[in-house]
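Below is one structure, written out as structure tokens; the observations come after it.
The values are calculated or read from the model by the stated rules, or taken from the named source; none is laboratory data. Source: prediction; values computed, not measured. With ideal geometry, Cβ positions are generated from the backbone for all residues, glycine too; neighbour counts draw on all protein chains shown. What goes into the accessible areas is simple: the full protein's heavy atoms, side chains included, and nothing from ligands, DNA or RNA. Shrake-Rupley method; radii C 1.70, N 1.55, O 1.52, S 1.80 Å.
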Amino acid sequence: MPAPASSPMLTALGQLAQTSAPVPLTDAVRLSGFLDLVPDPRGVRGRRYRLTALVAAAAASVLAGARSLTAITEWITDAPSWACRALGFPVDPLTGTVSVPHPHTVRRLLVQLDGDALDRAIGAFLTARATPAPAGLRAIAVDGKALRGSRTATTPHVTLLAAMDHAGHVLAQRQVADKSNEIPAFKPLLDTIDLTGTVITADALHTQHAHGAYLRERGAHYIAQVKANHPGLFDRVRHLPWREITLDHHERTRAHHRTEIRRLKTAAFAHLDYPDACQALQVVRWRKDFTTGKLTIERVYLITSLPPGVATGAQLAAWIKGHWRIENLLHHVRDRTFREDDSTIHVGRLPRIMASLRNLAIGVHRQGGHTNIAAALRHTARDCRRPLTALGLTG
């Protein structure tokens, strides 16, 4: 076991942290400072470990690739003594040994933890350590995901609604109430985000008059997809004279054994029955599969509060296409890399808490410059200093 903490020891730890930091230590952003805002659900009597230490340890383990609660507790148990000190676990003043929590201690806390408070803390942490966004409008995608493994014989699966910027950083997340859908969770989700100067993209489920009015009141614009669930609005947009309207943007891509052509047209419209709607948009997608030779043509209709001239056709096309990054950069990664759908965790708030920790890991790794999250997890797992440095716990 290493010697008790001393000034030379702390100096050595600082040097070790600097040698393999995935993000600059000059950020001075510590996860533990944001976790102070999360209420402790445990009784005051008998608390031995601070909430910030336990949650930070769980977060560090997920950054290192832990996919399950068992893997989290194993990582904490196997962490070296100096790492446990950095996490904030108590040290015996006589022997200098570090007390490590029992796996049941970690489990009992995570089962009871306030998911809304944790997601607010994670969103604030990722926002604080992010590089300043370039001037202009920022695009944020809103979409839901079902945690299929959380379903039991008596309870439905947990559904989470998330807001993610198009760069891949989760800004907020909220659990959808049982026996409900994503619509009532839309406003509470975005209440925690500064929407000034943003463009919100969402699927047709959230093309609701109340949502449009809410976004405009908050200073945000929207790009809302229109489908047959709003028949009057859909018919009006669909029957515009699109053949006579000039093409605003054309894009041709070739990937995934197929070629795709996207064509965007925009039409100014002053009488749409939707809050502050200024333009209608038509996107035509042509896809040809090289393997089967099959050609598919899809027409998508949208409305936006952006006035003509505020955004170019290329920008509008990028935001529309970029909305689906929440599927590719978040939901797909949690499913394939963290095996989220294979997880059968269903006790208490654990499904939501585990998803929040995965969001944190994905966001931290992306901010560290990693595009392949699986490779980032392997890289971080090879050195215990790396997840602690990424969370600002050794700075």
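Numbers at a glance
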item: Failed condition for ALA375, given (1) at pLDDT below 95; (2) over 14 Å from the mean Cα position of the chain (by Cα); (3) among the aliphatic types (A, V, I, L, M); result: (1)
item: Matching entry among ALA280, ALA355, ALA267 (being in a helix (DSSP H, G or I) and either open to solvent by less than 50 Å² (accessible area, probe 1.4 Å) or free of Cβ contacts under 8 Å to residues at least 60 places away in the same chain (or both)); result: ALA355
item: Candidates ARG120, ARG107, ARG45, filtered to the one that is over 21 Å from ALA390 (Cβ atoms), assigned to a helix (DSSP H, G or I) and basic (Lys, Arg); result: ARG107
item: Count - residues of the range 170-184 that are over 27 Å from ALA318 (Cβ atoms) and either open to solvent by less than 40 Å² (accessible area, probe 1.4 Å) or at pLDDT 95 or above (or both); result: 1
item: Pick from the range 320-352, criterion touching a residue at least 60 places away in the same chain (Cβ under 8 Å) and among the hydroxyl-bearing types (Ser, Thr, Tyr), ranking: farthest from THR198 (Cα to Cα); result: THR344
item: The one condition in (1) within 29 Å of HIS221 (Cβ to Cβ); (2) open to solvent by less than 50 Å² (accessible area, probe 1.4 Å); (3) not in a strand (DSSP E or B) that ALA86 fails to fulfil; result: (1)
item: Exclusive hit being open to solvent by 40 Å² or more (accessible area, probe 1.4 Å), touching a strand residue (DSSP E or B) at 6+ places or on another chain (Cβ under 6 Å) and at pLDDT 90 or above, set ARG107, ARG138; result: ARG138
item: The range 144-169, residues that are farther than 16 Å from PRO351 by Cβ, open to solvent by 10 Å² or more (accessible area, probe 1.4 Å) and in a strand (DSSP E or B); result: ASP165
item: Selection count where residues are part of a loop (DSSP other than H, G, I, E, B) and closer than 12 Å to LEU87 by Cα, scope the range 375-389; result: 1
item: Checking ASP114 against (1) touching a His at 6+ places or on another chain (Cβ under 9 Å); (2) in contact (Cβ under 8 Å) with a residue 60 or more places away in the chain; (3) among the acidic types (Asp, Glu), the condition it does not meet; result: (1)
item: In the range 283-311, residue nearest to ALA204 (Cα to Cα) [restricted to those that are touching a residue at least 24 places away in the same chain (Cβ under 8 Å), of a type in the set (Ser, Thr, Tyr) and open to solvent by 10 Å² or more (accessible area, probe 1.4 Å)]; result: TYR301
item: Per-region count, the range 288-316, residues hydrophobic (A, V, I, L, M, F, W, C), outside any loop (DSSP other than H, G, I, E, B) and within 25 Å of GLY232 (Cα to Cα); result: 5
item: Among (1) open to solvent by less than 60 Å² (accessible area, probe 1.4 Å); (2) in contact with a strand residue (DSSP E or B) (Cβ under 7 Å, 6 or more places away or on another chain), the one test that PRO275 misses; result: (2)
item: ARG334 being of a type outside the set (A, V, I, L, M, F, W, C) and open to solvent by 10 Å² or more (accessible area, probe 1.4 Å); result: no
